[in-house]
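Take a look at the structure set out below.
Coordinate-derived values only; no laboratory data. On a predicted model such as this, the values are computed, not experimentally measured, just so you know. Cβ placement follows ideal geometry from the backbone for every residue including glycine, while neighbour counts extend to all protein chains displayed.
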Amino acid sequence: MDFGFSISPSSTINLDKVDFTLYDRLCEIEPDAKKCMACGSCSATCTAGPWTGMSVRKVILGIQRGKESEAEKMLKGCMLCGKCTMVCPRGINTRHLILSLCRIYGEGER
Ligand code: SF4
Ligand code: SF4
């Protein structure tokens, strides 16, 4: 029966089964990644976000939750303008973090 709406699939994550290899590797070269509190200031100010779906907050959360392919797709929308770095209340150099992630993905260092 069509009720005119649908229920989203559960987004429950079993953290015991998540592969943290990429997150650990990121934290090795960008220790500030651990400081992210997912406030969303970076995403709110992102120049590319409205058109490409890029969100630093979602990229970091995705990597912490094992959704690496989603994070990798989002990174392609970043144009490295650096606005997100200017607004991060935790002082994370998000632009550098994005570059480091691209390097990890590009070199297949995992
Ligand atoms: S602005 Fe900084 S602390 Fe907030 S979600 Fe973005 S990276 Fe995390
Ligand atoms: S550097 Fe990338 S993620 Fe940050 S505001 Fe610019 S386009 Fe958005």
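List the lysines whose Cα lies under 26 Å from the Cα of K17, skipping any in the same chain that are fewer than 8 positions away.
K34, K35, K58, K67, K73
Can you list which of the GluC sites (Glu not before Pro) found in the stretch 44-104 are DSSP loop residues with at most 11 other C-beta atoms within 10 Å? Could you put the intermediate results ahead of the total?
Details: sites: E68, E70, E72; in loops: none.
Answer in residue order: no site qualifies.
Report the far tail of the P(r) of the stretch 18-107, meaning the percent of Cα-Cα pairs longer than 16 Å.
On the way: 1859 of 4005 pairs.
Considering the stretch 18-107, 46 percent of its Cα-Cα pairs are separated by more than 16 Å.
So between M79 and A44, what do we pick up on full extension, going 0.36 nm a residue minus the alpha carbon distance? Don't jump to the answer; show the numbers that get you there.
Working: separation 35, 0.36 × 35 = 12.60 nm, distance 1.53 nm.
Roughly 11.1 nm would be gained on extension.
Arranged from highest to lowest average of other beta-carbon atoms within 10 Å per residue, in what order do the peptides 92-101, 48-57 appear? Mind dumping the intermediate values first?
Details: 92-101: 20.1, 48-57: 18.1.
The densest-packed peptide leads the list: 92-101, 48-57.
From the convex hull of the Cα coordinates of the stretch 34-82, what is the mean projected area in square nanometres? Intermediate results must be reported in sequence, preceding the final value.
Details: hull surface 13.1 nm².
One quarter of the hull surface, i.e. the mean projection, equals 3.3 nm².
With only Lys, Arg, Asp and Glu charged, each at its Cβ (+1 for the first two, -1 for the last two), find how big the charge dipole of the chain is about the Cα centre; round to the nearest 20 debye.
Numbers: 15 positive and 12 negative charges, 73 e Å.
For the chain, the charge dipole is close to 360 debye.
Output needed: percent of Cα pairs per 10 Å distance bin for the stretch 59-110, bins running from 0 to the one holding the longest distance.
Histogram of Cα-Cα distances, whole percents per bin: 24, 56, 20, 0.
Describe numerically, in nm with one decimal, the distance between label points set 7 Å from Cα along Cα→Cβ at D19 and at D2.
4.0
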